[in-house]
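One structure is given below, encoded as structure tokens.
The values are calculated or read from the model by the stated rules, or taken from the named source; none is laboratory data. What you see is a predicted model, and the numbers here were worked out from it, not measured in a lab. Please note: Cβ atoms are built from the backbone with ideal geometry, for glycine as well, and neighbour counts cover all protein chains shown. Protein only, heavy atoms only, side chains kept; ligands, DNA and RNA dropped before computing areas. Shrake-Rupley method; radii C 1.70, N 1.55, O 1.52, S 1.80 Å.
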Amino acid sequence: MNRKEYHTTLGALVSFCFVSFFFFFVYTFGNHQKGKELTKELATEKARIVDLTEVVVEQQEEIDELKEQFELISNPEPIKFKPVDVFCLAKNIYHEAGVESELGKIAVAQVTLNRVRTGRWGKTICDVVMARHQFSWANKRSIRWKHPKGPLWNKSYEIANRILKRGLELKNFEHALYYHADYVNPKWASSEYYIEKIGTHIFYYRSL
């Protein structure tokens with residue numbers, strides 16, 4: 001091997017070693033950085049899971065408390081009703097609380113039945129539901145007797161039927177007669193007569 005070939009070969013070896021070292025450094029450094037980032041992400045995810053677990057536990061405690069406070073109980077003197085009354089109660093639940101939770105639907109049904117018991121708004125469920133200027137949807141005569149469809153209606157009817165046939169009512173709501181949505185502030189509402197807030201509805205046992 002002459003000197004020229006020697007220098008050429010040496011240069012190639014040096015270049016090869018440099019390139020190999022460069023890629024080794026990049027690979028090692030990159031893996032190290034990725035490892036650090038992965039460790040950081042895992043720590044963040046672990047903290048998030050812990051936070052979510054705490055939230056779920058708190059929510060379950062709230063649910064258990066609501067179930068205990070607002071459990072369904074049997075009324076020794078259930079309201080007498082006809083098949084049409086089941087329809088009227090279901091319609092009121094559907095229009096007033098169709099998108100609310102089951103507890104919210106039951107609470108609206110309870111107000112309706114409490115009003116029947118007082119006799120101030122009518123003697124039957126349909127009389128109370130259709131009473132003038134009480135439930136806003138019923139003011140629209142075109143939809144009063146229109147038969148809804150879909151899962152929200154099915155659920156509303158199922159709740160109305162179950163409550164009436166079994167004589168069920170909501171504990172601690174025996175005197176609830178009024179409610180309004182939480183995004184309005186009617187003149188008749190007073191915190192003095194406040195019962196509870198369920199979903200988007202605030203319930204009262206009296207009005208001003």
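Within the option set ARG120, ARG141, ARG132, being modelled with pLDDT of 95 or more and open to solvent by 20 Å² or more (accessible area, probe 1.4 Å) holds for one residue only, ARG120. Under the condition of being of a type in the set (Ser, Thr, Tyr) and at pLDDT 95 or above, the residues counted in segment 79-109 number 1.
Taken over segment 176-208, the residue count meeting the criterion of being over 17 Å from GLN134 (Cβ atoms) and out of contact with any helix residue (DSSP H, G or I) (no Cβ under 7 Å at 6 or more places or on another chain) is 12. Of the helices (runs of 4 or more DSSP H) lying entirely inside segment 79-187, not one is found with 1 or more residues being under 21 Å from THR200 (Cβ atoms), among the aromatic types (Phe, Trp, Tyr) and over 25 Å from the mean Cα position of the chain (by Cα). Please determine whether any residue of segment 156-164 is more than 19 Å from PHE81 (Cα to Cα) and either touching a residue at least 40 places away in the same chain (Cβ under 8 Å) or open to solvent by less than 20 Å² (accessible area, probe 1.4 Å) (or both). No, there is no match, as no residue in segment 156-164 is more than 19 Å from PHE81 (Cα to Cα) and either touching a residue at least 40 places away in the same chain (Cβ under 8 Å) or open to solvent by less than 20 Å² (accessible area, probe 1.4 Å) (or both).
Of all positions in segment 50-66, none carries a residue that is at pLDDT 95 or above and in a helix (DSSP H, G or I). Output the qualifying pairs, or none if there are none: Cβ atoms under 9 angstrom, residues six or more apart or on different chains, first residue in segment 96-115 and over 15 Å from LEU164 (Cβ atoms), second residue open to solvent by 10 Å² or more (accessible area, probe 1.4 Å) and acidic (Asp, Glu). Listed pairs, sorted by first residue: ALA107/GLU100; ALA107/GLU196. Sub-8 Å Cβ pairs linking a first residue in segment 127-143 that is on the phi > 0 side of the Ramachandran plot to a second residue that is outside any loop (DSSP other than H, G, I, E, B) and open to solvent by 30 Å² or more (accessible area, probe 1.4 Å), at least 6 apart or interchain, are HIS133/ASN139, ordered by first then second residue.
Restricting attention to segment 165-176, the residues that are open to solvent by 80 Å² or more (accessible area, probe 1.4 Å) and over 12 Å from ASN75 (Cα atoms) total 1.
Within segment 66-98, restricting attention to residues that are within 15 Å of SER136 (Cβ to Cβ) and out of contact with any Lys or Arg (no Cβ under 6 Å at 6 or more places or on another chain), the residue that is surrounded by the most Cβ atoms within 10 Å (Cβ to Cβ) is LYS91. Filtering segment 181-205 to residues that are open to solvent by 70 Å² or more (accessible area, probe 1.4 Å), of a type in the set (Ser, Thr, Tyr) and closer than 20 Å to ARG115 by Cβ leaves TYR194, TYR205.
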